[in-house]
1. Using each residue's phi in region 108-121, evaluate 6.51 cos²θ - 1.76 cosθ + 1.60 at θ = phi - 60° and report the 3J(HN,Hα) Karplus result to the nearest Hz, with x for Gly and Pro.
2. Calculated from DSSP H runs of 4 or more alone, at -39500 (n - 2.57) each and per residue, what is the 222 nm mean residue ellipticity of the chain, nearest 500?
3. How far apart, in nm, are the 7 Å Cα→Cβ label points at residue 37 and residue 130?
4. What trypsin sites (Lys or Arg not before Pro) does region 1-96 have in DSSP loop regions with at most 10 other beta carbons within 10 Å?
5. Once you place label points 7 Å from the Cα toward the Cβ at residue 9 and residue 162, how far apart are they in nm?
6. Taking DSSP loops as anything outside H, G, I, E and B, show the longest stretch in the chain free of GluC sites (Glu not before Pro) there with at most 11 other beta carbons within 10 Å.
7. Can you sort 51, 79 from fewest to most other Cβ atoms within 10 Å of each residue's own Cβ?
8. If one takes the longest principal axis of the Cα atoms in the chain, at what angle in degrees, from 0 to 90 and to the nearest 10, does the Cα axis of helix 52-62 lie?
Amino acid sequence: MPTDREPPAARLVALHDRVNQKADALYQHHGARLLCKRGCHDCCVDELTVFAVEADRIRDWAGDQLRGAAPAAPGRCAFLDGEGACRIYPARPYVCRTQGLPLRWMVEEDWEWVEYRDICPLNEAGPPLETLEEDACWTIGEVEGELAALQAERTLADQRIALRDLFAELAAHNTEGER
């Protein structure tokens with residue numbers, strides 16, 4: 001397990017690995033309900049943004065991977081290929097690692113904590129979300145806090161980057177490298 005003395009990039013990889021382990025267990029638990037699979041991309045939209053520290057991981061991983069690649073059509077994540085698969089899957093951001101799972105989060109309303117739950121509409125069939133045990137859902141909050149801490153270490157505050165903008169940046173960099 002990484003320590004605070006390790007660079008944020010190494011700690012981000014370890015965080016993504018922990019997310020994968022927990023998400024994989026939830027995917028197995030909900031296997032009959034989840035229709036998400038390679039090529040399912042209804043959730044992969046242009047509006048997705050990532051923490052700058054995650055954008056750095058994508059930049060490092062993508063390198064020459066996207067040389068000559070065109071982005072997916074507007075409205076879809078730019079990183080989707082022609083078959084709707086993710087071109088940056090090994091370095092994909094946190095939000096993409098938990099897509100499709102039953103989600104739960106807490107919001108303070110009128111001095112009380114209220115729980116909310118949601119799931120991808122494609123995965124609604126199955127037991128009602130409110131009947132699931134807490135640990136049968138992905139709880140939003142803790143990982144976001146860890147990402148924010150990694151971000152703050154790099155003095156990036158709450159900077160977020162649109163995935164389409166990141167694709168354009170990488171494509172431009174690869175084009176400059178060809179000159």
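1. So the J values, rounded to whole Hz, are 7, 10, 6, 6, 10, 8, 10, 8, 10, 9, 7, 8, 4, x.
2. -11500 deg cm²/dmol
3. Computed distance between label sites residue 37 and residue 130 equals 3.2 nm.
4. Passing sites in region 1-96 are 5, 37, 38.
5. My value for the distance between the label points is 2.7 nm.
6. 84-132
7. 51, 79
8. Compared with the principal axis, the helix lies near 60 degrees.
Values quoted throughout were computed directly from the atomic coordinates according to the rules given, and no laboratory measurement underlies them. None of the values given here were measured: they were computed from a predicted structure. Cβ sites come from the backbone with ideal geometry, for glycine too, and all protein chains shown count toward neighbours.
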